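Scroll down for the structure; my scribbles are underneath it.
The values are calculated or read from the model by the stated rules, or taken from the named source; none is laboratory data. In this text, all values refer to a predicted model and were calculated from it rather than measured experimentally. Glycine gets a Cβ as well: all are built from the backbone with ideal geometry, and neighbour counts include every protein chain shown. With ligands, DNA and RNA removed, areas are computed over all heavy atoms of the protein, side chains included. Shrake-Rupley method; radii C 1.70, N 1.55, O 1.52, S 1.80 Å.
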Amino acid sequence: MIEILQWATLAVCGLTAIARVPSLLRGENRSPFYIFALMTLAILLSIEAPYVVIDQALGGINLANLLLRFVIFATIFFLGIRVTKGFGAEGAYRLITGRAGMIVLLAISVAMVAVFFLMDTAGSSAGLVGPARRDARNAVLVEYYGAAGRAYPSYISLVLLPAMVRAVRSRLPILVRIAAGLLALGGIAIALSLLFPFIPRSWDAVEFVVNYTAVLCFVIGLALIWAARVQSSKSVRRQGTSTEK
């Protein structure tokens, strides 16, 4: 079931990125393509088979996991910029791109890299399952590393949440409000990931569901915003044609 969810999410992200290629080639609204492409790479690095192949090429010490974390950071950063600009959330934009946001990003990145190199990471293993089982010290460090990796996406998600709630309650077009609701749901799912250290190991499947729910909510939410924009453009063109007649 988990593998089906992973591959299905990868397919959704990949197809959505491909659908944005024509706009990319025309030089129109390029940021959604980059966001979807980064999401696709992140999901690819989360799946055992491609993860092992990529990590072996990087030396077999789970550098692919560190790469995955920074791909996620980049994805959530650009998604945050895209969403705050689209919804006119200037305060949230400053919290992401301003001094506070850069300090949070730098502090979390340094902490994450430091903990990574304190671990014994030998042996490619998606999710660092192997290193976590090596000994008690490594298991604790893996938990700290995972917490650091979830901290920055959670920060961005919580920064975006008030703007998404306002958008849902506004009089914006229905597609945009649904998109805002999905983005809010995805943000809540990411914030809930901070509770993962308190979840029993027997509930590992819950972590996958929460993570992939967040990804799908973000992908579908952004796709709906794109659809609303296309619909609005068509409506404007029709009105222009009617006026000319």
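Mind telling me which of the residues Val165, Val215, Val159, Val219 ends up being aliphatic (A, V, I, L, M) and surrounded by fewer than 16 Cβ atoms within 10 Å (Cβ to Cβ)? Break it down into steps so the answer makes sense when it comes.
On the way: Val215 fails: surrounded by fewer than 16 Cβ atoms within 10 Å (Cβ to Cβ); Val159 fails: surrounded by fewer than 16 Cβ atoms within 10 Å (Cβ to Cβ); Val219 fails: surrounded by fewer than 16 Cβ atoms within 10 Å (Cβ to Cβ).
Answer to the selection: Val165.
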| query | Counting just the residues of the stretch 27-69 that are at positive phi and of a type in the set (S, T, N, Q), which one comes out modelled with the highest pLDDT? | reply | Asn62
| request: Can you tell me which residue among Ala191, Ala228 is closer than 19 Å to Ile96 by Cα and either open to solvent by less than 60 Å² (accessible area, probe 1.4 Å) or touching a helix residue (DSSP H, G or I) at 6+ places or on another chain (Cβ under 7 Å) (or both)? | output: Ala191
| query | Which pairs do you get when a residue that is without any contact (Cβ under 8 Å) to a residue 60 or more places away in the chain, found in the stretch 8-37, comes within reach of a residue that is open to solvent by 50 Å² or more (accessible area, probe 1.4 Å) and of a type outside the set (A, V, I, L, M), reach meaning Cβ atoms under 6 angstrom, with the pair 6+ apart or on two chains? | reply | Leu24/Arg30; Ser31/Arg82
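Would you check if Ala126 is within 22 Å of Leu58 (Cβ to Cβ), open to solvent by less than 40 Å² (accessible area, probe 1.4 Å) and touching a Ser or Thr at 6+ places or on another chain (Cβ under 9 Å)?
Details: within 22 Å of Leu58 (Cβ to Cβ): yes; open to solvent by less than 40 Å² (accessible area, probe 1.4 Å): yes; touching a Ser or Thr at 6+ places or on another chain (Cβ under 9 Å): yes.
It is true that Ala126 is within 22 Å of Leu58 (Cβ to Cβ), open to solvent by less than 40 Å² (accessible area, probe 1.4 Å) and touching a Ser or Thr at 6+ places or on another chain (Cβ under 9 Å).
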| the stretch 15-46: number of residues that are open to solvent by 10 Å² or more (accessible area, probe 1.4 Å), within 13 Å of the chain's Cα centre (by Cα) and more than 20 Å from Ala64 (Cβ to Cβ) | 2
| Does the stretch 124-137 hold any residues that are in a helix (DSSP H, G or I) and within 27 Å of Ala191 (Cβ to Cβ), and which are they? | Ala126, Gly127, Leu128, Val129, Pro131, Ala132
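Do we have Thr40 as within 24 Å of Ser157 (Cβ to Cβ) and in contact with a Cys (Cβ under 8 Å, 6 or more places away or on another chain) here? Talk me through it step by step, then tell me what you get.
Working: within 24 Å of Ser157 (Cβ to Cβ): yes; in contact with a Cys (Cβ under 8 Å, 6 or more places away or on another chain): yes.
It is true that Thr40 is within 24 Å of Ser157 (Cβ to Cβ) and in contact with a Cys (Cβ under 8 Å, 6 or more places away or on another chain).
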| remark: All-but-one check, Leu67 against (1) outside any helix (DSSP H, G or I); (2) open to solvent by 40 Å² or more (accessible area, probe 1.4 Å); (3) of a type outside the set (Phe, Trp, Tyr), failing number (1)
| said: Can you find a residue that is under 24 Å from Leu63 (Cα atoms) and open to solvent by less than 60 Å² (accessible area, probe 1.4 Å) anywhere in the stretch 91-105? | reply: yes
| remark: Going through (1) without any contact (Cβ under 8 Å) to a residue 24 or more places away in the chain; (2) open to solvent by 70 Å² or more (accessible area, probe 1.4 Å); (3) of a type outside the set (Lys, Arg) one by one, Tyr144 fails only at (1)
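If we keep just the residues of the stretch 72-87 that are hydrophobic (A, V, I, L, M, F, W, C) and surrounded by 19 or more Cβ atoms within 10 Å (Cβ to Cβ), which is farthest from Gln56 (Cα to Cα)? Steps first, please.
Of all residues in the stretch 72-87, those hydrophobic (A, V, I, L, M, F, W, C) come to 72-74, 76-79, 81, 83, 87.
From what is left, the residues that are surrounded by 19 or more Cβ atoms within 10 Å (Cβ to Cβ) are 72-73, 76-77, 79, 83, 87.
On the way: Ile72: 21, Phe73: 23, Ile76: 27, Phe77: 28, Leu79: 30, Val83: 36, Phe87: 42 Å.
That would be Phe87.
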| message | Go through the stretch 147-156 and report how many residues are small (Gly, Ala, Ser) and either touching a Gly at 6+ places or on another chain (Cβ under 9 Å) or surrounded by fewer than 14 Cβ atoms within 10 Å (Cβ to Cβ) (or both). | response | 1
